[in-house]
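Let me begin by presenting the structure, written as structure tokens, before commenting on it.
The values are calculated or read from the model by the stated rules, or taken from the named source; none is laboratory data. Keep in mind that what you see is a predicted model, and the values were worked out from it rather than measured. All Cβ positions, even for glycine, are placed from backbone atoms using ideal geometry, and neighbour counts span all protein chains on display. For the accessible areas, the whole protein counts, side chains as well, though only heavy atoms, and no ligand, DNA or RNA atoms are used. Shrake-Rupley method; radii C 1.70, N 1.55, O 1.52, S 1.80 Å.
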Amino acid sequence: MDAVFRALADPTRRGLLDELFKRDGQTLGGLERGLPMTRFGVMKHLRVLEEAGLVVTRKRGREKLHFLNAVPIRLVHDRWVSKYAEPWATALSELKHDLEEE
């Protein structure tokens, strides 16, 4: 999980994940077009994302396609976010119920 947090800490890597969310299965060249950095810089960021399990790759002929793997993000959500959001959701639900009764 530390690798996922480390990968998500960088805004460029989050941007790459957003791009893959919009259009999955992009090549390095496609991902590189939207960033103000060299091809090698993008490759380094993709390697960090791949090591964290957030991106998986597949070869298609001479191309290497990058795909978003949302499972690690969901695991972070389940472990860290949902337990903190639950009391708020319960309180808001109870408030809604109370207001509708009046």
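So, of the residues in the stretch 47-70 that are out of contact with any strand residue (DSSP E or B) (no Cβ under 6 Å at 6 or more places or on another chain) and in a helix (DSSP H, G or I), which turns out to be nearest to residue 6 (Cα to Cα)?
48
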Handout entry: Positions within the stretch 58-79 being of a type outside the set (Asp, Glu) and within 15 Å of the chain's Cα centre (by Cα), in sequence order
Key = 66, 67, 68, 69, 70, 71, 72, 73, 74, 75, 76, 77
Completion exercise
When the stretch 35-45 is checked residue by residue, the ones that are open to solvent by 100 Å² or more (accessible area, probe 1.4 Å) and either in contact (Cβ under 8 Å) with a residue 60 or more places away in the chain or hydrophobic (A, V, I, L, M, F, W, C) (or both) are 40
Practice task
Could you grab the pairs with beta carbons closer than 9 Å, sequence gap of 6+ or different chains, first residue in the stretch 63-76 and within 16 Å of residue 23 (Cα to Cα), second one aromatic (Phe, Trp, Tyr)?
Solution key: 68/21; 70/21
Handout entry: Exclusive hit being part of a helix (DSSP H, G or I), within 17 Å of the chain's Cα centre (by Cα) and among the small types (Gly, Ala, Ser), set 93, 82
Key = 82
Practice task
Assess whether residue 12 counts as being touching a strand residue (DSSP E or B) at 6+ places or on another chain (Cβ under 8 Å), of a type outside the set (D, E, K, R) and at pLDDT 95 or above.
Solution key: no
Fill in the blank from the handout: Filter the stretch 16-34 for residues that are out of contact with any Asp or Glu (no Cβ under 9 Å at 6 or more places or on another chain) and open to solvent by 30 Å² or more (accessible area, probe 1.4 Å); the one that is nearest to residue 61 (Cα to Cα) is 24
Fill in the blank from the handout: Quick count over the stretch 12-44, residues being of a type outside the set (Phe, Trp, Tyr) and part of a helix (DSSP H, G or I), is 20
Handout entry: Residue in the stretch 54-102 that is surrounded by the fewest Cβ atoms within 10 Å (Cβ to Cβ), counting only those that are among the hydroxyl-bearing types (Ser, Thr, Tyr) and at pLDDT below 90
Key = 84
